[in-house]
Amino acid sequence: MHGIPDTPVDVYVNGRKTLDNFKPGDVAGPLNLEQGDYDIALTKPGEPIGSAILTVDNAAVPGGGNVSLAAHLDAAAQPRITPFVNDVSKVAAGKARLIVRHTAAAPEVDVRAGGTPVFKGLTNPNEAKGDVDAGSVQADVVLAGTDTVAIGPADLNLKEGTATIVYAIGSAEGKSLDVVAQTITGLHSAPGGVPSGDGGQAGTGVHTWWYVLTSVGVLLLLGGGVRLATARTGRK
Amino acid sequence: MTVRDRGALAAVAAGVAALTVATLVACGSQPAEDVGADEAANLATATPTPSARAAEGQSVPVTAGKLPAGAKIVPPVRLVIPGIDVTATVNAVGINERTNEFEVPPSVDQIGWYRYGPGLETDAGSVVIAGHVDSAKQGRGAFFRLRELDQGDTVTGTGSDGGERQYRVVAREEYAKTKIPLGRYFARDGKPRLTLITCGGPFDAKARKYRDNIVVTAVPA
């Protein structure tokens, strides 16, 4: 995720150019990597890796993990790279995950949905997250503890079974605050069951009366048979 | 022949009759066997995801980080299954918050489409529609005869866009509710398919519950 205003870059992973002219506000990926440590370097487009403007050495990529690298401004408006481990665990049926990351040169903020703060006191470079009912919400970002809107409002369409990651980027001072979104799909769960009948008219298998009938039949046969047999023996 | 003998003979005859009836009932109560289970399972096989590779040679897709917009989904609004005389209104339904189960429409002559999964427009995954087999209060439901469907039967779904889409039944399966692989039937990947679900199997009169689910899988015809 590229959140440094006005600064397109080339991205190098372990010395190899992976992204060409990657623009602010864009999201690249997924890139599948073996578990391990990676060196990341950002250069101005076309410039050699030796004159990188930003580097991270030995960024850990855990096996089976899902990591987003954010190139962004810190609270003091200095460019940096922050790795975020994405929560890609399954969400319950009917739910969606909302993750908000503060990657802007801005003070502490609250995130509101429908005017109610849902995440409070979020600071750079941290995230807040929660699983919420899937659907649309109107969200905005305000300075912590105030009603002063810093970003938004915007309609968020939180699709069931996905994680929507919203990055606050840019700079408050530079009046370039904005949001960048990344969506991770495939986190849905199936419902717990499909209850679809309580009448019993379509029941297969046998009822209690079947066992009664069978028992009576067997008893009659046995009783009658024994009686017949003893009667004949008696007459002899 | 003595009266006693006659009584005994009558008892034997009644016993034979009772057992004959019981046998006939037992045979008639056997559920139809599953058909097409393998085909249904194959449809669900996900398209393979690329395995972890080194960075070399991979092209990395770049997208504008725009807020996600609502996807264009075509909800089914009507379902017609000529083979079992079904013409039913389809409602968009979700999850019962209390039970975490599929919210089948309470009215038994209406059926429910799982609105979180794909709609009729989909080119991947399972469009799920469930309906009541019956109800204690309302009697027979729209899917009362679902278990009579067989391979080759046709199903027509009408979307909210007015378009009709034809499907062909490839499988009918019965699973104990405790064992049904719901993840497969609610998958959003694999081949496009229509999954119809209702209840069936032995009925527990005390719990007012059927033991099983009947699942019919159909593919675009």
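Helix A:208-235 and the longest principal axis of the Cα set of chain A meet at an angle near 20°. For the residue pairs A:K95/B:K177; B:K137/B:K177; A:K90/B:K72; A:K23/B:K66; A:K90/B:K191, the C-alpha atoms sit more than 20 angstrom apart in A:K95/B:K177; B:K137/B:K177; A:K90/B:K72; A:K90/B:K191. Secondary structure note: in the stretch A:9-184, about 90% of the DSSP beta bridges are antiparallel. In the stretch A:1-49, the residues that give up 20 Å² or more of accessible area when the other protein chains are added, compared with the chain on its own (1.4 Å probe), are A:R16, A:T18, A:L19, A:D26, A:V27, A:G29, A:P30, A:L31, A:N32, A:L33, A:E34. Prolate is the label for the protein assembly as shown, because the ratio a/c of its alpha-carbon gyration tensor axes (a ≥ b ≥ c) is 1.5 or higher and a/b is greater than b/c. In this calculation the C-beta distance from A:W210 to B:D5 is compared with R0 = 51 Å, giving a FRET efficiency of 0.95.
Summarised as an ellipsoid, chain B has semi-axes of 46, 20, 16 Å, derived from the eigenvalues of the Cα gyration tensor scaled by 5 and square-rooted, with the largest first.
I want the antiparallel fraction of DSSP beta bridges within chain B, as a percent rounded to 5. Counting only bridges with both partners in chain B, antiparallel ones make up about 80 percent. With every protein chain kept in place and ligands, DNA and RNA left out, what is the accessible area per residue of the stretch A:62-153? Probe 1.4 Å, answer in Å². Here the residues of the stretch A:62-153 average 44 Å² of exposed surface. Under the combined filter of DSSP loop state and at most 10 neighbouring Cβ atoms within 10 Å, the stretch A:127-220 retains these trypsin sites (Lys or Arg not before Pro): A:K175. Phi angles of the stretch B:77-92 translate, via the Karplus equation with coefficients 6.51, -1.76, 1.60 and θ = phi - 60°, into HN-Hα couplings of 10, 8, 10, 10, 10, x, x, 10, 6, 9, 9, 9, 6, 10, 9, 7 Hz per residue; Gly and Pro are given as x.
Of the solvent-accessible surface of chain B, computed with a 1.4 Å probe and all protein chains present, 53% belongs to carbon and sulfur.
Between chain B and chain A, the total buried accessible area stands at approximately 5600 Å², from heavy atoms with a 1.4 Å probe. Between A:A92 and A:I49, the FRET efficiency from the beta-carbon distance, with R0 = 51 Å, is close to 0.70.
Amide H contacts under 5 Å for A:L158: A:G135, A:S136, A:V137, restricted to partners 5 or more places along the chain or on a different chain, H placed in the peptide plane at 1.01 Å from N. Over the protein assembly as shown, dividing the summed -39,500 (n - 2.57) contributions of all DSSP H runs of at least 4 residues by the number of residues returns a 222 nm mean residue ellipticity of -4500 deg cm²/dmol. Can you list the residues in the stretch B:83-102 whose accessible area drops by at least 50 Å² when all protein chains are present, compared with the chain alone? Use a 1.4 Å probe, heavy atoms only. The answer is B:N100, B:E101 - residues whose exposure falls by at least 50 Å² when every protein chain is included. Centroid-to-centroid, using Cα positions, the stretch A:31-64 and the stretch B:119-138 are 48 Å apart.
Centre-to-centre separation between the Cα atoms of the stretch B:1-19 and those of the stretch B:157-206: 51 Å.
The distance between label points at B:N42 and B:D189 comes to 2.0 nm (points 7 Å beyond Cα on the Cα→Cβ vector). Label reach from A:D20 (point 7 Å along Cα→C-beta): in the stretch A:40-56, amide nitrogens under 20 Å belong to A:41-53. Once the GluC sites (Glu not before Pro) in DSSP loops with at most 10 neighbouring Cβ atoms within 10 Å are cut out of chain B, the longest remaining piece is B:98-221. A simple spin-label model places the labels of B:D161 and B:N100 3.5 nm from each other, with each point 7 Å out along Cα-to-Cβ.
Highest GNM mean-square fluctuation among A:L187, A:L222, A:L143, for chain A modelled with Cα contacts below 10 Å: A:L222.
The values are calculated or read from the model by the stated rules, or taken from the named source; none is laboratory data. Note that this is a predicted model, so its numbers are computed, not measured. Positions of Cβ are backbone-derived with ideal geometry, glycine not excepted, and every protein chain shown enters the neighbour counts. Heavy atoms of the whole protein, side chains included, go into the accessibility calculation; ligands, DNA and RNA do not. Shrake-Rupley method; radii C 1.70, N 1.55, O 1.52, S 1.80 Å.
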